[in-house]
Structures are given as structure tokens and as C-alpha cells.
């Protein structure tokens, strides 16, 4: 059989893993700076844990896992029924009259008894995790007696979605999340703006951080007379960037939103000016909605924290059409896009007031963000922003020319590794050109050449593979140079 991969999944080469680790290490360092600590959760969760948390569209993308062992589905039960038709001849088989029942009535009456008799399990009771936030909420509830609130955690693990694979969208991909639960403080929302900015500053990626508030969206739906259709209206609004204003208007009209309401919605989305101006104008337009006004006030408070801390807000942008499809968000929401790259959002997140309440721990507010590592990788790759030399790659190759040279080289490579320097040694005796070619292919920046002359003088001839410059060092000097 010709080997292949399931669609939407990938292998990662050593170079790709080095680049991914560069992203991981950059994000991890920033999270730690802000007091977040790492946890992990299982790849699979109980199906009941996941369903109903992501909206109807999200639930359709959950990868369900078939139970092992024997299970029954409706087709199998029908086949079984065909083999027990003779039960109709036995009036006591059902514990009641059956001769006068139609075939459909008989089947409907006997099906529960078959299921009960065989103790039939469901086809699926588990699923691969769809994101890291819902499993985190489950973790918090199960460990609430062992953690200190507010609890700040970060997590980097793969997630799975039964989506149609395309550029920047995979069925298996990594997320890198940070969440804090147990506090309503808007300081955490302000911190996440800073975290986004810091991570992409260090990755040298120009981004736009868009934000909104679900309470503002509540106010908007009230203003257009569609508060009873909040979820549907928000889902349509969230597709504005993908399908355009015309299609959004068509879907809103089909939903039953009045022409007056749709016209008012356009006014909201065409407001211009800086963020403070936009927020002031929208507050005036939804002033009759208490929840909408509260959302505007929250966003103004967050901007105030950033301005007081002299945080650069030039790359953040209030977007009243931003909705974020996940149904558990209740407050501030974020979406980050890379400038100059057509790849969709690379980060997102928001405030959720009672996600843990779904698991029996009510009134525990949280806020979190998620970095789409795979899309960030694609952005860095497209913009050629990865460093030439990665931190986990070998920094130096030590040559191997003969029996005595091999012993000397092995001693040197041991010293280099003991000093914390990533070092490799050519495994067999070979010509220098072949060893240089090996270093070139593996993009090793230095080669430590040790021949008879170097052994006699107790020095190492170090070649810079980029510039071609060669210098002689003692072992101690070489360690200092490479560190």
C-alpha cells in the first residue's frame, strides 16, 4: 500500500520543528512574563463535555470517536428485527397484544425492548478536543479545590476539527492558549492586548488587533429590533469579511430582520474615526440598551488602562462587526490578523462569564486568548521571517579524519556539549569536502576542523560556513566563541 496521510494533517521535518519551536518558545516566554503557568489535558474528552459549547456550526465540526467493542446502530437493529418476526406469532413475547399491530407499530414497540435487553451502548461517547478552552473549564471545575484563584494558565497542544482542508486551515493543528479564571477585572483584557503586541513584536510580524464586546452586539440587536434572534444575527454579522455587506443583508432579511433594522445596521458599520470616536458614536446609537452601554464602558476602561501605561495602541482597531462565532463569549472579544498576508485570523479570544457553570461551578468569570500556531508559521514562512539559525539546531560540526583524530574530536564535542553548546560530530572518517557538504545541507553555521596539525598544536581550526572565514582557537576559546 502506498503510504499517505489523512487530509488536513501533516508531518513535520526537523527544520519545520525547529521553526515551530521558535514560535512556541517566543509565545511561552511572553506568557511566563505575565505570570501564566503550563498545564495539559487529554486529547479526547467525553462527548457531552464538548457538545453545545461552540454553537450549531461548531458542533458539526467535532471529531467523534467510535466506541470500541460491540455496538449497535439502527440498521443492525432492523436486521435483527427481520430475524425475530416470528415473535409476532407469540402474543406473550411483547407482554401484550401484537397481532393487530402494523409492522411499523410492532417495530416501534419492540425496539426499546431490544436495546434494553442487549444493554446497547451509544456509537460514540468520546470526541477529540475541538479547542483548549472548554477542556480548561472542565479542568478548573475538577481541580477547583487544588488551584488558587485567579488562576492563570497557558497550554500548547493539538486540536481537531472536521473541517474542509484549505490554505491555513487544517483538521489537526496546534493552539497556544492563555486563560485566567476567577476574576472580573478588566486588567486582564488590557494585559492580553499587551501580550499580543509583545509576541508579534518579537516575531517581527506587523498585525492588526481587532476587538469588540459581545455586550455591544447585544445592544446592536436590540437597536435593530432583533434581540430575540441574537445568536443568528451575530453568526451572520461574523461573516461580514467573508461574504460582504450585500450577502449579510440578504441573510438578515431572510432571517426576518426588518428593512429599517438592516438600514440601521449599515450605519453602525460605516462609522469612522479613531476608536474613542467610534465608541462614543455607537454608545449614542444604542443608548437605550443597558447591556450595550455597559459593553462600551468596558472597552473604554480597557483603552484607559493601556493609555495610562503608555502602551502603543496604534495596531489595535475597534470593529463593531467582529462577533467571534463561539457561543460562550460574553464580553470583550479579540481577533488578530497579519498585515500583508491573506490567511485569515491568526489569533482570537475573549471574555466568558460562566463557562465553568456548564460543569457545575457557576459564577466563575474567565478571559482567554488563543494563538493559531500553524497559521503563524505560514505567515512567518511567507514573509521569510524565520531566523537563519534556530536555537535548537547544531551550532557546530566537529570533523573526523582518522583513528587518532576521531578520539580528539569526540573529546572536543563532549566538552562543547557539557558547556551547553549544540554540537554534532561527523560519524565516520571522510574527506573534508564531504564533511563541509554535510554541514551545509544541515545548515550548521560552524565546522571545527581537527587534523594532525591541530592535534599537535592543541588548537581547533574553526570555519564560519557563511562567511568562509577560518580562525584558530584553543578548546576554551572555542567554547567562549560559540556561546
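Okay, here's what the table says:
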{"item": "R0 of 56 Å, Cβ-Cβ distance residue 163-residue 432: FRET efficiency to nearest 0.05", "result": "0.65"}
{"item": "Overall dimensions of the stretch 403-483 by Cα: Rg and Dmax, Å", "result": "11.8, 30"}
{"item": "Computed label-point distance, nm, for sites residue 258 and residue 41 using a 7 Å Cα→Cβ extension", "result": "4.3"}
{"item": "Computed [θ] at 222 nm, helices only, for the chain once each DSSP H run of length n ≥ 4 contributes -39500 (n - 2.57)", "result": "-13000 deg cm²/dmol"}
{"item": "Crossing angle, helix 133-142 versus the chain [Cα axis fit, 0-90 degrees, rounded to tens]", "result": "80"}
{"item": "Between helix 240-255 and the chain: long-axis angle, C-alpha atoms, 0 to 90°, nearest 10", "result": "10"}
{"item": "The stretch 326-483: C-alpha gyration tensor shape, a/c 1.5 cut-off, then a/b vs b/c", "result": "prolate"}
{"item": "Highest-first arrangement of 211-217, 151-157, where packing means the average Cβ count within 10 Å", "result": "211-217, 151-157"}
{"item": "Three-way shape call for the stretch 124-167 based on the alpha-carbon gyration tensor, with the a/c threshold at 1.5", "result": "oblate"}
{"item": "Residue order, fewest to most beta carbons within 10 Å, for 5, 285", "result": "5, 285"}
{"item": "Among beta bridges that DSSP assigns inside the chain, antiparallel share in %, nearest 5", "result": "80"}
{"item": "Likely footprinting exposure, 65, 450, fewest C-beta neighbours within 10 Å first", "result": "65, 450"}
{"item": "Sequence of 177, 56, 319 once ranked by neighbouring C-beta atoms within 10 Å, starting from the fewest", "result": "56, 319, 177"}
{"item": "Cα shape, the stretch 209-329, gyration tensor, a/c 1.5 rule", "result": "prolate"}
{"item": "Antiparallel DSSP beta bridges within the stretch 396-482, percent to nearest 5", "result": "55"}
{"item": "Between 0 and 90°, nearest 10: helix 403-418 axis offset from the chain longest Cα axis", "result": "50"}
{"item": "Cα centroid separation - the stretch 124-163 against the stretch 185-234, whole Å", "result": "22"}
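Read the figures in this text as sums done on the coordinates, not as results from a lab. This is a predicted model, so every value here is computed, not measured. When we count neighbours, we look across all protein chains shown, and the Cβ atoms used for this are built from the backbone with ideal geometry, even at glycine.
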